[in-house]
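What follows is a set of notes on a single structure, which appears directly below.
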Amino acid sequence: MDVILHIGAHRCATTSFQDYMRRNRPLLAEAGTGFWGPYRTRTGLFRGLGESGKASRRALGRVQLNLRGSQRRGMDRLVVSEENMLGAMRVNLRDAALYPDAGLRIVRHAEAFGPALTDLVLNIRALDLYWASVMGFALARGYGLPHRRMLDRIAFAPRSWRDVIAEIACAVPDARLWVLPFETFAGRPEAQLAAVTGRPAPRNDARGWCNRTPRLPQLRAGVIDEVARELPNGDGRWMPFDAVQADALRERYADDLMWLAGGADGLAWLMDDPERKPAGQTLPISDMTRGRRNEQDRRLAGAG
């Protein structure tokens, strides 16, 4: 039985993917795909991983015992989805850094699955939107507004998804690491599952959207008056970064995607949309296509 660890990240439609997997568990089991999600992993299954002595041995034993149970039920592959394997959002906010201990945490969890672990799946998202979603989620749960120094530390810090990916790949060198952009796979858990397993995925209950970040009206209604007055007007998404900070974050994410598209130094694979049809021999002409046809149109438009 192959084990696929879906390690998040947070705020990248991970909860929606887990909800889809739970709702389709019987269909997936018929096709030989098992699923463990937070309902299972957060009831003590991983407690003690990475600790010393008896606690660690018990944790390893629990995971292996559960793995054998999935094998006995005839599963050919097991998808384990738990974003907290990667780290915690509160640690990201505390350190103003993107999963600062990602490599250490992943190696601890990978050891529990042993040689059965074949693949890891990481979701990434544009950094300005990722951090805005984390801060909006935290604000709704009682965290204060971020101060300017914190926003600058996040916006201009050198750490990005590339660093997280490199740490994970070095921590588990014998497993394949797949990277799925939020911009391609958000709201399409069936496409994500098909990309991960290489098999057709059920489309039932594939359009649920869970655990959304509250919009500005919900944020203003859920915080104290002093904080609500500092939030901007409007009913859209709360964006805590100014234009300069947001541009820096977007540029870093563009560099990450370019690095992934160029092969990521052999450390990871950028997953394409499995439902996108490849282009034929003749590419479609669009407004973004320039060249001879564009120049002909210009000359014709200017004639007479």
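The values are calculated or read from the model by the stated rules, or taken from the named source; none is laboratory data. On a predicted model such as this, the values are computed, not experimentally measured, just so you know. A quick note on method: Cβ atoms are made from the backbone with ideal geometry, for glycine too, and the neighbour counts reach across all protein chains shown. Heavy atoms of the whole protein, side chains included, go into the accessibility calculation; ligands, DNA and RNA do not. Shrake-Rupley method; radii C 1.70, N 1.55, O 1.52, S 1.80 Å.
Output yes when any residue across the stretch 2-10 is among the charged types (D, E, K, R), open to solvent by less than 60 Å² (accessible area, probe 1.4 Å), modelled with pLDDT of 95 or more and on the phi < 0 side of the Ramachandran plot, and no when none is.
There is no residue in the stretch 2-10 that is among the charged types (D, E, K, R), open to solvent by less than 60 Å² (accessible area, probe 1.4 Å), modelled with pLDDT of 95 or more and on the phi < 0 side of the Ramachandran plot.
Looking only at the stretch 183-241, which residues are polar (S, T, N, Q) and within 20 Å of the chain's Cα centre (by Cα)?
Matches in the stretch 183-241: Thr184, Gln192, Thr197, Asn211, Thr213.
Residue-by-condition table, conditions (1) of a type in the set (A, V, I, L, M); (2) closer than 19 Å to Leu180 by Cβ; (3) part of a loop (DSSP other than H, G, I, E, B); (4) open to solvent by 70 Å² or more (accessible area, probe 1.4 Å):
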| site | (1), (2), (3), (4) |
| --- | --- |
| Ala195 | yes, yes, no, no |
| Arg199 | no, yes, yes, yes |
| Ala206 | yes, yes, yes, no |
| Trp209 | no, yes, yes, yes |
| Leu219 | yes, no, no, no |
| Arg229 | no, no, no, yes |
| Ala246 | yes, no, no, no |
| Tyr253 | no, yes, no, no |
| Leu257 | yes, yes, no, no |
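Given the criteria closer than 24 Å to Gly198 by Cα and either touching a Leu at 6+ places or on another chain (Cβ under 6 Å) or surrounded by fewer than 22 Cβ atoms within 10 Å (Cβ to Cβ) (or both), does Gln64 qualify?
Judged against the criteria, Gln64 is not a match.
Report those helices (runs of 4 or more DSSP H) wholly inside the stretch 71-172 carrying at least 2 residues which are without any contact (Cβ under 8 Å) to a residue 24 or more places away in the chain and of a type outside the set (D, E, K, R).
So the answer is none; nothing clears 2.
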